[in-house]
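The values are calculated or read from the model by the stated rules, or taken from the named source; none is laboratory data. Values in this document were obtained by computation on a predicted structure and should not be read as measured data. Cβ atoms come from the backbone with ideal geometry, glycine included; neighbour counts cover every protein chain shown. Side chains included, ligands, DNA and RNA excluded: accessible areas come from the protein's heavy atoms. Shrake-Rupley method; radii C 1.70, N 1.55, O 1.52, S 1.80 Å.
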Amino acid sequence: MSVYKCEFYAMSFSRKVPFVVVSPNDLPQVIMPQSKRFNRKPKTVLLLNGYSSSEGDWVFNTPLPALAVKYNVNFVVPAGENSFYLNQKSSTRKYADYVGFELLQFCNKAFGFDISRENTIVAGLSMGGFGALHTGLAYTDKFSKIIALSSALIIHNIKNIKPGFQDMISSYEYYDDVFGPLDELEASEKNPETLIRNCLEKNIQMPEIYMAIGTEDFLYKENQLFRQFLTDNKVPFTYKEEPGIHDYSFWNKHLDLGLEWALGNEE
């Protein structure tokens, strides 16, 4: 099992940026799992962290090496930097372009990872769950599946906030910086719902969606609103809920279940 702590110069930021790779590429033949999944090249899973977190949190708080072996996948974990994985005002903060295109291209070039649409999945938790939905729906030609866990689907909460606003996460200034003009946010392409409407209008094939939320999670209501939006617009999706809060006990379980959903037909 290989774990790489990497850094490369990203045009999206005009600077070097860190990311982590977890790969089953060094398994000795004698302990290679007897699984059909090892009759193919590893698939690629872009894995997005949450707010106030880092690329290392997935590695330290989840059994990524075991999951990489179980499913024969390469995990690619970028630094989210509280960005919601959106392109922001500065020309040197293009997070959506970075995770939706540039990072995958680099991993293909540097590691030979398969980044064909059918073999590439985007997954994330909390802010990263939002990012997984936004990235997958903004780059429909790059991802075949989305795994969104406890997603921070906060667009409707902040769409019309004013200067002086403060919540448990941050302030008006932060939201304005990350999401752009907040009175225009609901109709903008930073809203996953807008991206879905665009796909439906243009008959663009969307990635399949798996979403999961704990019933005691503080983002439960927001996930129910998005679930209803998907239902109302006849967008196919898989939905899971169970008792649980906003923590790694829930995310560990549902990352595994989400990968089983995405790759289970290979067994």
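The table that follows gives values for the structure above.
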{"quantity": "Total charge dipole magnitude, the stretch 75-165, about the Cα centre, Cβ charges on Lys, Arg, Asp, Glu only, Debye to nearest 20", "calculated": "340"}
{"quantity": "Extended-chain gain in nm, criterion 0.36 nm per residue less alpha-carbon gap, residue 220 and residue 41", "calculated": "60.8 nm"}
{"quantity": "Hits among lysines - C-alpha to C-alpha of residue 159 under 20 Å, sequence gap 8 or more where chains match", "calculated": "89, 190, 221"}
{"quantity": "Rounded to whole Hz, the Karplus (6.51, -1.76, 1.60) HN-Hα couplings of the stretch 241-257, x for glycine and proline", "calculated": "9, 6, x, x, 10, 8, 8, 6, 4, 6, 5, 4, 5, 8, 5, 4, 5"}
{"quantity": "Sulfur and carbon atoms: percent of accessible area, the chain [1.4 Å]", "calculated": "52"}
{"quantity": "Sequence-distant residues sharing a close amide H with residue 238 (under 5 Å, placed H)", "calculated": "209, 210, 211"}
{"quantity": "GNM flexibility winner over the chain from 214, 100, 124 (Cα, springs under 10 Å)", "calculated": "214"}
{"quantity": "Relative contact order for the chain, counting Cα pairs under 8 Å that sit 6 or more residues apart, in percent", "calculated": "17"}
{"quantity": "Calculated FRET efficiency for the pair residue 91/residue 184, C-beta based, R₀ 22 Å, to 0.05", "calculated": "0.65"}
{"quantity": "Considering only the chain, percent of DSSP beta bridges that pair antiparallel, nearest 5", "calculated": "40"}
{"quantity": "Amide hydrogen neighbours beyond the local backbone of residue 8, cut-off 5 Å, H modeled", "calculated": "17"}
{"quantity": "HN-Hα J in Hz across the stretch 50-63 - Karplus 6.51, -1.76, 1.60, θ = phi - 60°, x for Gly and Pro", "calculated": "x, 4, 6, 10, 9, 5, x, 5, 4, 5, 7, 10, 9, x"}
{"quantity": "Built amide H within the under 5 Å cut-off of residue 145, gap 5+", "calculated": "122, 208"}
{"quantity": "The stretch 84-164 - accessible surface per residue (Å², probe 1.4 Å)", "calculated": "32"}
{"quantity": "Choice from 182, 257, 225 showing the highest fluctuation, given a GNM over the chain with Cα pairs closer than 10 Å", "calculated": "225"}
{"quantity": "Over the stretch 158-234, volume per residue of the alpha carbon convex hull, in Å³", "calculated": "112"}
{"quantity": "Rg to Rh quotient for the stretch 19-161, alpha carbon positions, Kirkwood Rh", "calculated": "1.00"}
{"quantity": "Stokes-Einstein D in µm²/s, Kirkwood radius over Cα pairs - the stretch 201-245 at 25 °C with 0.890 mPa s viscosity", "calculated": "213"}
{"quantity": "Rough spin-label spacing in nm, given labels placed 7 Å along Cα→Cβ, for residue 11 and residue 234", "calculated": "4.0"}
{"quantity": "Given charges at beta-carbon only (K, R positive; D, E negative), |dipole| of the chain in Debye", "calculated": "780"}
{"quantity": "Percent RCO, i.e. relative contact order, over the stretch 1-114, from Cα pairs under 8 Å lying at least 6 residues apart", "calculated": "31"}
{"quantity": "Candidate aspartates and glutamates for bridging to residue 16, where Cα separation is under 18 Å - those fewer than 8 sequence places away on the same chain excluded", "calculated": "7, 55, 81, 97, 102"}
